[in-house]
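Asker: What follows is a single structure, and I will ask about it in a moment.
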Amino acid sequence: MAASAPPTSELRVAPSILSADFTNLGEAVAQVTPGTDWLHVDVMDGHFVPNLTIGPPVVSSLRAHSALFFDTHLMITEPARYLEPFRDAGANGCTVHVEVGGTAALIAQMRELGLRVGLAANPDTPFEALEPFLDQVDLVLCMTVFPGFGGQSFIADVLPKIARVRAAADAAGSGLDIEVDGGIDERTVVEVVRAGANVFVAGSAVFNRDDPLAAIQEILAAAAGERAGAPS
């Protein structure tokens, strides 16, 4: 059975299967399951980003073996064509890119499908592109690398945009989840928590470790320590 939508504003790591061993994906997911309730599923079409990954059949296969919340990031040019197939395959939430356009219609389509609604922005996309939709979505994903490949270095220039999203959400009394993806580890997570993020996509920092579960715990501990030490 698919996981229900989790409460907002909790600190959580969403391990990205982009960095997992695709020859043994089920075991890789099982390894991280005790440390998280989210799994980040990167979908790339070779057009919006210069890489190809997985489609609904892989999501469906994973769903048969996992009750985690599938946080499905659609880095694709035509998300409207694939929202329903991914929902039917077991995705709980889908995140589309604001750069694709047609954002209002995509949000409405996701709501109609019963998906948790996410909106993503690339590192060089300004806050103003996200601003009109902040009260319509459940999650904003601020990319801290340019999407397409795992293992890239964290782009600190995105931090002010994260802070602006958090300030706008707080001003509206929203429980918006702010997710970051790219170069996240136990060091950079401190910076993004300070800016206002609460969901941390980690790929190579988790799956390239001998003990992926320990890696998740280290990232969460660093995030919790920063939040606990932040002024009220």
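Taken together, the values in this text are just the output of simple stated rules run on the coordinates, not laboratory data. None of these values were measured; they are calculated from a predicted model. Positions of Cβ are backbone-derived with ideal geometry, glycine not excepted, and every protein chain shown enters the neighbour counts.
Asker: With a point put 7 Å past each Cα toward its Cβ, work out how far GLU112 is from ASN208 in nm, to one decimal.
Answerer: 4.2
Asker: Something else about it: Using a 10 Å cut-off on Cβ atoms, rank the peptides 156-167, 99-110 from the highest mean neighbour count down.
Answerer: Highest mean packing first, the order is 156-167, 99-110.
Asker: So for region 101-232, what are the equivalent ellipsoid semi-axes in whole Å, largest first, each being the square root of 5 times an eigenvalue of the Cα gyration tensor?
Answerer: In descending order, the three semi-axes are 25, 18, 14 Å.
Asker: Let's see if you can work this out: charge +1 on each Lys and Arg Cβ, -1 on each Asp and Glu Cβ, no other charges. What is the dipole magnitude of region 12-229 about its Cα centre, in debye to the nearest 20?
Answerer: 220
Asker: When the C-alpha atoms of the chain are aligned to their principal axes, what extent does each axis show, in angstrom, from largest down?
Answerer: That gives 44, 42, 32 Å along the principal axes, largest extent first.
Asker: Where both residues lie in the chain, what percent of DSSP beta bridges are antiparallel, nearest 5?
Answerer: So the antiparallel bridges amount to about 5 percent of the total.
Asker: Rank the residues ASP177, ASP211 as a footprinting-exposure proxy: fewest other Cβ atoms within 10 Å of their Cβ go first.
Answerer: Exposure proxy ranking, most exposed first: ASP211, ASP177.
Asker: Follow-up. Expressed as a rounded percentage, what relative contact order does region 87-208 have, with Cα pairs under 8 Å and six or more residues apart?
Answerer: Once divided by the residue count of region 87-208, the mean separation gives 21 percent.
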